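Below is one structure; the comments refer to it alone.
Since every read-out is calculated from the coordinates, none of them should be taken as a lab result. Note that the structure is a prediction, hence the values are computed from the model and not measured. Here the Cβ positions follow ideal geometry from the backbone for every residue, glycine too, while neighbour counts run over all protein chains shown.
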Amino acid sequence: MNNFLTMDTLTNEEIQEIIKNAEQLKINAEPIYFGKQIFAANMFFENSTRTRNSFEIAQKKLGLQVINFDAETSSINKGESLYDTVKTMEALGTDLFVIRHGVDGYYNELIDSVKVPIINAGDGCGQHPTQCILDLMTIKEEFGTFEGLNVLISGDVSHSRVAHSDKIALTRLGAKVYFSGPEEFKDSSSDAINVDLDDTIENMDVVMMLRVQKERHVGKSGISEDYLSKYGLTLEREARMKKKAIIMHPAPVNRGVELDTRLVESEKSRIFKQMTNGVYARMAVIRRALD
């Protein structure tokens, strides 16, 4: 069974194959499951715009029957566990689960008992593997390779499942990944390369800015008024980037916080291209899960 849970469990060859399939689907996407009555349940226990909707569009492009599970009106609010909710949906005939949940590794209690594929749409501060695939696809379209690229991921790294997933995959594929941001947001793992944004931006091929995840900063103060000038991508910093360097962001974007609002749709920005690629990346992941 082809669960899709973390980037750790994929070989480099599997990652490249998924990207290749996503690129092919971007050229020619056919509803290969149309008429087959295959049901996909999107179960989001955290808010989402891009991920949830791109999964739904991907599923419909492939011809799947889509169930958008509503956690707010479900028996979760009567005390039903995640496990029992998923097992209930499986018993009703669900063929594929797409789940986002606030608990790191929520899928560990499911994978031995649920007999249909699970795609992780984000777990707490753990990983966001489909976002990683669309990021990789976007970078590959731009540079043709990952080998030798310098990638800076800057912002709320410690709470970012995107940063964790991208670091794993990009490093294995030959890129060098650097982290930057406020001291309290730094990655404390032994192999993390933490740098100063101003000292390194001129050498970066990819600059990925991250949203400050206020919902995960329980009991802490808000974003400082000078966050952009201290830690964000300002117009002055963008002007020092390589001519062919690109700007990325997993979104949602706090305009004027992690980057100047004029850079969101600038010549170097690939933010909306990432969103477009997200549909085809998720189509490729869904096909891998079902085939």
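Overall, the anisotropy analysis places the range 166-284 in the rounded class: the square-rooted eigenvalues a ≥ b ≥ c of its C-alpha gyration tensor yield a/c less than 1.5. Short-range pairs are left out: with C-alpha atoms under 8 Å and at least six residues apart, the relative contact order of the range 140-272 is 25 percent. Per-residue ellipticity at 222 nm from helix content only, as computed over the chain with -39500 (n - 2.57) for each DSSP H run of at least four residues, stands at -10500 deg cm²/dmol. The stretch between Thr73 and Thr276, if pulled fully straight at 0.36 nm per residue, gains 70.0 nm over its current Cα-Cα span. Sequence neighbours fewer than 8 away in the same chain don't count; with that in mind, list the lysines whose C-alpha is under 29 Å from Lys78. Leaving aside lysines fewer than 8 places away in the same chain, those within reach of Lys78 are Lys87, Lys115, Lys214.
Pairs of alpha-carbon atoms within less than 8 angstrom and 6+ residues apart define the contacts here; what relative contact order does the range 86-193 have, in percent?
Working: 154 pairs, mean separation 23.2, N = 108.
Value for the range 86-193: 22 percent.
Taken along the Cα-to-beta-carbon direction at a fixed 7 Å, the label points for Glu267 and Asp291 span 3.9 nm.
How much length is gained on full extension from Lys20 to Lys115, taking 0.36 nm per residue of separation minus their Cα-Cα distance? Please report the intermediate quantities before stating the final value.
Numbers: separation 95, 0.36 × 95 = 34.20 nm, distance 2.75 nm.
Contour length minus Cα-Cα distance gives 31.5 nm.
With a cut-off of 12 Å on the backbone N, the residues of the range 113-149 near the modelled label site 7 Å out from Asp8 along Cα-Cβ are 126-127.
Taking a straight Cα-Cα cut-off under 18 Å and skipping sequence neighbours fewer than 8 places away in the same chain, the lysines within cross-link reach of Lys26 are Lys60, Lys61, Lys140, Lys273. Approximating the spin labels as points 7 Å out from Cα along Cα→Cβ, the Met1-to-Asn47 distance works out to 3.3 nm. Fully extending the segment from Val103 to Lys230, taken as 0.36 nm per residue of separation minus the present Cα-Cα distance, adds 42.6 nm.
What relative contact order, as a whole-number percentage, does the chain give when Cα pairs under 8 Å and 6 or more residues apart are counted?
Details: 515 pairs, mean separation 63.8, N = 291.
It comes to 22 percent, rounded to a whole number.
Computed from label points 7 Å out along Cα-Cβ, the spacing between Ala91 and Gln37 is 2.1 nm.
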